[in-house]
1. Can you give the extra length, in nm with one decimal, that the chain gains between PHE24 and LYS36 once fully stretched, where that is 0.36 nm per residue apart less the Cα-Cα distance?
2. Can you work out the Karplus-derived ³J(HN,Hα) for every residue in region 81-97? Use 6.51 cos²θ - 1.76 cosθ + 1.60 with θ = phi - 60°, whole Hz, and x for glycine or proline.
Amino acid sequence: MASCAEPSEPSAPLPAGVPPLEDFETIHAELSKLVKKHAAQRSTETALYRKMLGNPSRLPAKCPGKGAWSIPWKWLFGATAVALGGVALSVVIAARN
C-alpha cells in the first residue's frame, strides 16, 4: 500500500536531451514533404513498370468468334443437372409427406 501513496517529492523534470514538442505547422510541413516524395516515387515506379511491361491500358482484343453471352457447355450441363436434381428431390420429399 505504500507504493500507491502520493510521492513526497515531485517527479524529475524531463532530461535535457528531449526536444520540446513541435508545433502543428512544422509537423504538417514534414508530412507534406513525405507525401510529395512518395507520390514522385510512385510515378517513377509506374513509368518504369510501363517501360518494362508495356502500356497496361491496352487490353488484348476479344476473340471475334465468341459473343458476349457465350456460356461454356460444361457449365450449362452442370447447371441443368443441378436444377433437375433439385426438382426431383423436392418431388420425392413432397411424395413422402
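1. My answer for the length gained is 2.5 nm.
2. Each residue's phi maps through the Karplus curve to give 5, 5, 5, 5, x, x, 5, 4, 5, 5, 5, 5, 5, 5, 5, 6, 8 Hz.
Readers should treat all values here as calculations from the given coordinates under stated rules, not as data from a laboratory. Treat the numbers as computed from the prediction; the structure is a model and nothing was measured.
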